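Encoded as structure tokens, the structure appears first; notes follow it.
The values are calculated or read from the model by the stated rules, or taken from the named source; none is laboratory data. Everything quoted here is computed from the prediction, not taken from an experiment. Neighbour counts run over all protein chains shown; Cβ positions are idealised from the backbone, glycine included.
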């Protein structure tokens, strides 16, 4: 018969969050389900109220019958029931239960039950004026937080209170439960970005795609890409861009790419050492260190600052060198894209060329070639370094100070990245509309000049 002990193991207090080089399990498994359930109840209630007022039921023929959606539901059900398996093991195998385990199982199951309800709501109902495709903010945030929480346990790698040592059967079983949670939350996060349970097009396009414009004999909504999500088919888009990052057949440019990557890694290391040397200067001045030691520290700091760059709007030597060397790679990519596009246009049929709009084609060619270069540079030298800086900051502050500092950075950066993604998604539709109108304007201007005798 299982014995119900105190709330925390070893009669510890729940307020002791960080003990023995890791989170106290009592604190961690109380905080995580509480946060997840709060997100589901508060934000989920707002989403449900919005759907109750502004949504409409989808016609059965437009509701996807996807196996991946069934997989989403089954994974969520498994995660909801998984804590009870842990309780069964604790009660039958170890004959010892603690209060936080019961609370964790109840809150965890309720939170995943709310997530399943929201998933079913988005599967069967749709907002009338929603022109985007993808799950709502609440579900995406819930899956991201659940997966982030499982990653957060890695901070407790050295703690004897956790299962990482795998010294006995209990630790091996607990590690198995964690591994299952990690795999399931990761799969749910990936499936959530793909949204297999939602229509492949916005609902308003589906119910109107058969209607025709009588005068022009074309669909009323011809440009469905204006309303699709920016992250739709992200993997396929990334596969198209990756070959342009590696110049095939040119070993010199391949070496430049590797050297630029090394310079980017050097920048990340310099960003860590600059504040450390600044701290050393202050400490040596305070403690009255010898002059030659202080001079060496100051010279090292000045050298690092020269490599990093200082002042408002200025960049350092390493960044300028990387930008200068990357010009050759950009020129190669630009030339390759233009040649392939030119060959593609010549490979199109005569019917397409007879009905083409020259101005729109020229404008699209110019915008496409310039966009690939800027997109590649943004991914390699902005997005990847930002994520690297976040990871370095979390690891450094956790190891040097405490896990609270790492947790603060992790939460702040998670909110920053989430808001950045959603704001980018929101402003993309305006950017697409601006590009479409710009194409129409350039098309009319150039075509009117080419057909001067008709005008």
Query - Selection status of residue 285, surrounded by 14 or more Cβ atoms within 10 Å (Cβ to Cβ) and touching a helix residue (DSSP H, G or I) at 6+ places or on another chain (Cβ under 9 Å) - result: no
Requested in this report: Just name the residue that is modelled with the lowest pLDDT out of those in segment 246-263 that are loosely packed, with under 13 Cβ neighbours inside 10 Å and in a helix (DSSP H, G or I).
Outcome: 251
Query raised in the report: Looking only at segment 57-96, which residues are modelled with pLDDT under 85 and surrounded by fewer than 16 Cβ atoms within 10 Å (Cβ to Cβ)?
Result: 57, 59, 60, 61, 62, 64, 65, 92, 93, 94, 95, 96
Query - Test set (1) surrounded by 11 or more Cβ atoms within 10 Å (Cβ to Cβ); (2) within 28 Å of the chain's Cα centre (by Cα) - residue 277 fails condition number - result: (2)
Report summary line: Being part of a helix (DSSP H, G or I), under 30 Å from residue 400 (Cβ atoms) and not assigned by TED's automatic domain parsing to the domain that holds residue 401 narrows 13, 34 down to just 34
Query raised in the report: If only one of 410, 381 is closer than 27 Å to residue 254 by Cβ, assigned by TED's automatic domain parsing to the domain that holds residue 444 and crowded, with 17+ Cβ neighbours inside 10 Å, which one is it?
Result: 381
Report summary line: Within segment 288-306, the count of residues that are surrounded by 15 or more Cβ atoms within 10 Å (Cβ to Cβ) and within 36 Å of the chain's Cα centre (by Cα) comes to 3
**Report entry** Test set (1) part of a helix (DSSP H, G or I); (2) modelled with pLDDT under 85 - residue 289 fails condition number
**Finding:** (1)
Requested in this report: Run down 339, 365, 391 and say which single residue is within 30 Å of residue 273 (Cβ to Cβ) and in a helix (DSSP H, G or I).
Outcome: 391
